[in-house]
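The values are calculated or read from the model by the stated rules, or taken from the named source; none is laboratory data. Because the structure is a prediction, the values reported are computed rather than measured. When we count neighbours, we look across all protein chains shown, and the Cβ atoms used for this are built from the backbone with ideal geometry, even at glycine.
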Amino acid sequence: MLRSVDLYTNNIIKTRTAFTKEFNQWNRCMDLNNYAANVTNSFALPDSCLKIKELNEDDRSTADDLAAVIGLDPSLSAKLLKLANSALFRFPAQISTISKAVNVIGGEAIYNLAMMEATRSVFSQFGSSTVDLRYFWKHSVYSGLIAKNLAKSMKVRGSERFFLIGLLHNLGLLAVAALSPEKVKACEKLSEEQLPWERQNEILGFSYSQCTSKILHNWQLPSQLYVPIEMFTDIQQCLDDDDSALLRIASLSAHYHLTDSDRNVPDYFDITLIRTIGAEYDDIIDCIKFADMESQSILGLMNPDLF
């Protein structure tokens, strides 16, 4: 009789535990969806982003087609001309027309610029005093530059998209900060050797990057942008997927370079992860140096008041 009671009690405990686990997972999913929906329901990607993406995917489109779209957006036009005349491109003569700037920069970089402008608009709408503006932008831009340069050095196809992946990957921070600034504060209190997304999972039940992935999915952006963002916090996924591994290396390199300059950034990485993408420690050091050189022009373009 006692054995039957024990079995019955154990079954109740197991059922309750399973239910609690499923409920917590459902609750985390609901929270994630709510944070992402607050952004995507309130902020639609500008038409210029969508049109530039369409033109880049159309083999029949020309530089004049892109110039016509950009010309309808005064802010984007001004930033394009400023970027084309910056030290990043080192063009020997002054560029004064949109069509010339398009030819110099190229369609992929122009799409990145349009998305940068959209990101800046998201921040102005959803930014919070809880978020360190300078660090947010520097980490985003450095992550993008390191990811792009590392992809180039590894001869990965479509390496330009990695700038956008790195730039956008922490957008979920803004979504959480807009509704739950106290949780963002709690996420900043890392224990020693704890990774940022590990703390985020403790507090939120998900990472900022998972929220970012949901936002980009809701915006109907290509899966090759948001899938690596969703996966890169999982080391096992990174060992099986080069895009995710690249982003993980870039994001952590940017984080440690900006917050702990006394230590060599590669010291934070397992050589197995680095060699997964065919890289060595020196490749990461070189990419960080490139980011140091390139970042100021981009940061000044995005936020002249801050940089």
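Summary of values
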read-out: Sole residue being part of a helix (DSSP H, G or I), at pLDDT below 95, more than 21 Å from LYS53 (Cβ to Cβ) and not hydrophobic (A, V, I, L, M, F, W, C), chosen from TYR142, TYR135; value: TYR135
read-out: Single unsatisfied condition, MET293 versus (1) farther than 14 Å from LYS148 by Cβ; (2) surrounded by fewer than 18 Cβ atoms within 10 Å (Cβ to Cβ); (3) out of contact with any Phe, Trp or Tyr (no Cβ under 6 Å at 6 or more places or on another chain); value: (1)
read-out: Any chance SER77 is of a type in the set (Ser, Thr, Tyr), at pLDDT 90 or above and either surrounded by 14 or more Cβ atoms within 10 Å (Cβ to Cβ) or touching a strand residue (DSSP E or B) at 6+ places or on another chain (Cβ under 9 Å) (or both); value: yes
read-out: Hits in region 102-122 - residues which are aromatic (Phe, Trp, Tyr) and surrounded by fewer than 20 Cβ atoms within 10 Å (Cβ to Cβ); value: none
read-out: Unique residue being in a loop (DSSP other than H, G, I, E, B) and of a type outside the set (Lys, Arg) when the list is LEU306, LEU225, LEU258; value: LEU306
read-out: Criterion violated by PHE162 - all others in (1) touching a residue at least 24 places away in the same chain (Cβ under 8 Å); (2) surrounded by fewer than 21 Cβ atoms within 10 Å (Cβ to Cβ); (3) of a type in the set (A, V, I, L, M, F, W, C) satisfied; value: (2)
read-out: Qualifying residue in region 131-140 (condition: under 17 Å from GLY106 (Cβ atoms), without any contact (Cβ under 8 Å) to a residue 60 or more places away in the chain, surrounded by fewer than 24 Cβ atoms within 10 Å (Cβ to Cβ) and not hydroxyl-bearing (Ser, Thr, Tyr)); value: no
read-out: Among the candidates SER99, SER86, residue that is surrounded by fewer than 18 Cβ atoms within 10 Å (Cβ to Cβ) and modelled with pLDDT under 90; value: SER86
read-out: Filtered residue count, region 233-258, keeping only those that are more than 17 Å from ILE277 (Cα to Cα), touching a residue at least 40 places away in the same chain (Cβ under 8 Å) and more than 13 Å from the chain's Cα centre (by Cα); value: 2
read-out: Residue count, region 155-179 (criterion: assigned to a loop (DSSP other than H, G, I, E, B) and either closer than 15 Å to SER209 by Cα or under 20 Å from the mean Cα position of the chain (by Cα) (or both)); value: 8
read-out: Some residue of region 99-118 being more than 18 Å from the chain's Cα centre (by Cα) and under 22 Å from ALA254 (Cβ atoms); value: no
read-out: Of all residues making up region 47-79, the number that are outside any helix (DSSP H, G or I), acidic (Asp, Glu) and out of contact with any Ser or Thr (no Cβ under 9 Å at 6 or more places or on another chain); value: 2
read-out: Search result, residues across region 187-232 that are surrounded by 14 or more Cβ atoms within 10 Å (Cβ to Cβ), free of Cβ contacts under 8 Å to residues at least 40 places away in the same chain, under 25 Å from SER129 (Cα atoms) and among the hydrophobic types (A, V, I, L, M, F, W, C); value: CYS187, TRP197, ILE203
read-out: Matching entry among ASP65, ASP6, ASP47, ASP58 (being under 30 Å from LEU171 (Cβ atoms) and modelled with pLDDT under 90); value: ASP47
